[in-house]
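Taking it in order: structure first as structure tokens, then the write-up.
The values are calculated or read from the model by the stated rules, or taken from the named source; none is laboratory data. These figures come from a predicted structure and were not determined experimentally. Reconstructed Cβ throughout: ideal geometry from the backbone, glycine too, with neighbour counts over all protein chains shown.
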Amino acid sequence: MPGQPHHVTVIPGDGVGPEVVRSAQRIIAAAGVAIDWETAEAGAEVFKRGDTSGVPQATRDSIARTRVVLKGPLETPVGFGEKSANVTLRKLFETYANVRPARELPGVPTRYAGEGVDMIIVRENIEDLYAGIEHMQTPDVAQCLKIISRKGSEKIIRYAFELARREGRRKVTCATKANIMKLTEGLFKRVFEELAPEYPEIVAEHLIIDNVAHQMAKDPAQFDVVVTTNLNGDIISDLASGLVGGLGFAPSGNYGDDVAIFEAVHGSAPKYAGKDVINPTALILSSLMLLRHVGETTAAAAIEDAVLVTLEEGRAVTQDLARQTGGDVERAASTTGFTDAIIANLGRQPSSVPPRHGWERPSGEATPRPEGTPRPHWSYGAAVSAAVPRATVGIDLFLESWEPALSAGPALEALAGEALKLEMISSRGTMVYPTTGLSPDNVGLLRARFVAREDGAAVPDEEILALLDRVSSVGARFAWTHIEKLHVFAGEPGYTKAQGQ
Ligand code: NAD
């Protein structure tokens, strides 16, 4: 509502956080946007007080109220808490879309200057290896579960297509490792291919993530919107930041259905904390994403123009940029001085920057703000899942064992019982029994696959429990660490073969 202040939670954060946040707040105020900031805490000091989440209840309550956050970087101090407060915040509020624009900026020299690099990495923010579900299987073998869901994939892929549509962008590239991880990354790719026809005006392509890295280094201007799983996105979005000038210039927004959190990509840069020398541009650009999110598109455009004019003219240059350009670091602008220069440039237009489409750089009065992303359109839930025809056709039994496959195989076969048979043993995914003539290393964890003796027959839980009983009875020789059921869903195997099988 015009005249009404926006309510925004601000988390100044750790290290250089308070300095860059203050810079963005000053510029927003100078542009005439009224914001009622609710200052909240998270990060290092909270951990040190003994709150192992790093995000106190008062902060959670504030965010639940305002639903918009401007956040400085947060540290996880060594020895306190084990989870990152940043990741906790993103996950607590289900901000599933991490959006990182990477755009060539005037006055920021890069290898690709003049090529028009202007891409947005849309990274899934909740699932994947980042779910952080890790277990030591033996004293020497660690495991991290890679969780990818159809619903989570649909949400982020739909978000990417909607973003492309809203911005008038022409292409969405899906980046996965589906060639290797056929079930997890493969699910993400399949959902992308199923949704793409709903956006006929947008070119949809799939590239393997390593090729994306290669292409990005060679010809970054070919990318428009890139949508990808969490860890892939983490890595290629930093790569993309590097292409356009580095962390000092890399903004991000974390969007959910209810809450959005805006932050710089960079961390707390502790060595610069309190020195008034850090480059605040990344957080300022993040705050522009915030302003657009709350509908302040005109003010956002004015601030963006002022940032571009400041960079273009190069009168106030921060230390990091002075270093990159071979300028005089001693005489570089302070964080405060650079902020003052942007404020002084409010109302001016850049001369060298071509206008951009969509909400990133509104051309006229108000461009439509990003709408809430459409919710998934497929049906999900217990009843829908339960209706999928299924059978359990075996198990993978993981065993702590250093025993050579040649003797472990017959011993486990002998434990299989009447209904089951040992199909194979693998070590780190490679079949070692029946022996292949090759000898992949044993690191102390074997996987034994048991299936029904009768081809394709279902294996009831009683058979699985009886097998576990028999294996347990031999004690430390085969200490089982976990099992995975082998499912067939709607006629499709829900498990992969071993290498060499
Ligand atoms: P960092 O981003 O703090 O620093 C990496 C390098 O970039 C350093 O050389 C730093 O001086 C430089 N740099 C960072 N931001 C800059 C800026 N605005 N202007 C100029 N130079 C800049 O990464 P790090 O050193 O790996 O991490 C420090 C702490 O920050 C760690 O505790 C880490 O967990 C945390 N962290 C938090 C976030 C977040 O809150 N989202 C992100 C990354 C790291």
Please find, among ILE27, ILE63, the residue that is within 22 Å of LYS275 (Cβ to Cβ), away from the ligand (no atom under 14 Å from the Cβ) and in contact (Cβ under 8 Å) with a residue 60 or more places away in the chain.
ILE27
Between a first residue in the range 239-253 that is more than 23 Å from TYR272 (Cβ to Cβ) and a second residue that is within 12 Å of the ligand (Cβ to nearest atom) and not in a helix (DSSP H, G or I), which pairs have beta carbons less than 6 Å apart while being 6 or more apart in sequence or on different chains?
GLY253/PHE262
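In the list LEU74, LEU70, LEU92, which residue meets the criterion of being in contact with a Gly (Cβ under 9 Å, 6 or more places away or on another chain) and under 26 Å from VAL122 (Cα atoms)? Spell out how you get there, then give the answer.
Numbers: LEU70 fails: in contact with a Gly (Cβ under 9 Å, 6 or more places away or on another chain); LEU92 fails: in contact with a Gly (Cβ under 9 Å, 6 or more places away or on another chain).
So the residue among LEU74, LEU70, LEU92 that is in contact with a Gly (Cβ under 9 Å, 6 or more places away or on another chain) and under 26 Å from VAL122 (Cα atoms) is LEU74.
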For the range 220-242, what are the residues that are more than 16 Å from the chain's Cα centre (by Cα) and within 14 Å of the ligand (Cβ to nearest atom)?
GLY242
Residue pairs, Cβ under 7 Å, 6 or more apart or interchain, first in the range 165-187 and outside any loop (DSSP other than H, G, I, E, B) and at pLDDT below 95, second of a type in the set (Ser, Thr, Tyr) and surrounded by fewer than 19 Cβ atoms within 10 Å (Cβ to Cβ). List them.
ARG165/TYR199
Only unsatisfied item for TYR96, checking (1) farther than 28 Å from ALA160 by Cβ; (2) buried (at least 21 other Cβ atoms within 10 Å of the Cβ); (3) aromatic (Phe, Trp, Tyr), is (1)
Could you list, in sequence order, all residues of the range 2-29 that are buried (at least 18 other Cβ atoms within 10 Å of the Cβ) and hydrophobic (A, V, I, L, M, F, W, C)?
VAL8, VAL10, ILE11, VAL16, VAL20, VAL21, ALA24, ILE27, ILE28
Can PHE192 be described as assigned to a helix (DSSP H, G or I) and either touching a strand residue (DSSP E or B) at 6+ places or on another chain (Cβ under 9 Å) or buried (at least 24 other Cβ atoms within 10 Å of the Cβ) (or both)?
yes
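Hey, among GLU154, GLU127, GLU185, which residue is touching a Gly at 6+ places or on another chain (Cβ under 7 Å) and either of a type in the set (Gly, Ala, Ser) or surrounded by 18 or more Cβ atoms within 10 Å (Cβ to Cβ) (or both)? So that I can check it myself, show each step before the final result.
On the way: GLU154 fails: touching a Gly at 6+ places or on another chain (Cβ under 7 Å); GLU185 fails: touching a Gly at 6+ places or on another chain (Cβ under 7 Å).
Every option except GLU127 fails the conditions.
Of all residues in the range 243-253 being assigned to a helix (DSSP H, G or I) and over 17 Å from the mean Cα position of the chain (by Cα), which is farthest from VAL307 (Cα to Cα)?
LEU243
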Restricting to the range 254-280, name every residue that is part of a loop (DSSP other than H, G, I, E, B) and within 11 Å of the ligand (Cβ to nearest atom).
VAL265, HIS266, GLY267, SER268, ALA269, ALA273, LYS275, VAL277, ILE278, ASN279, PRO280
Which condition from (1) at pLDDT 85 or above; (2) more than 16 Å from the ligand (Cβ to nearest atom); (3) surrounded by fewer than 20 Cβ atoms within 10 Å (Cβ to Cβ); (4) more than 30 Å from ASP258 (Cβ to Cβ) is the one that ARG323 breaks?
(2)
So which strands (runs of 3 or more DSSP E) stay within the range 16-123 end to end and still have 2 or more residues that are of a type in the set (Gly, Ala, Ser) and closer than 23 Å to LEU290 by Cα?
97-103
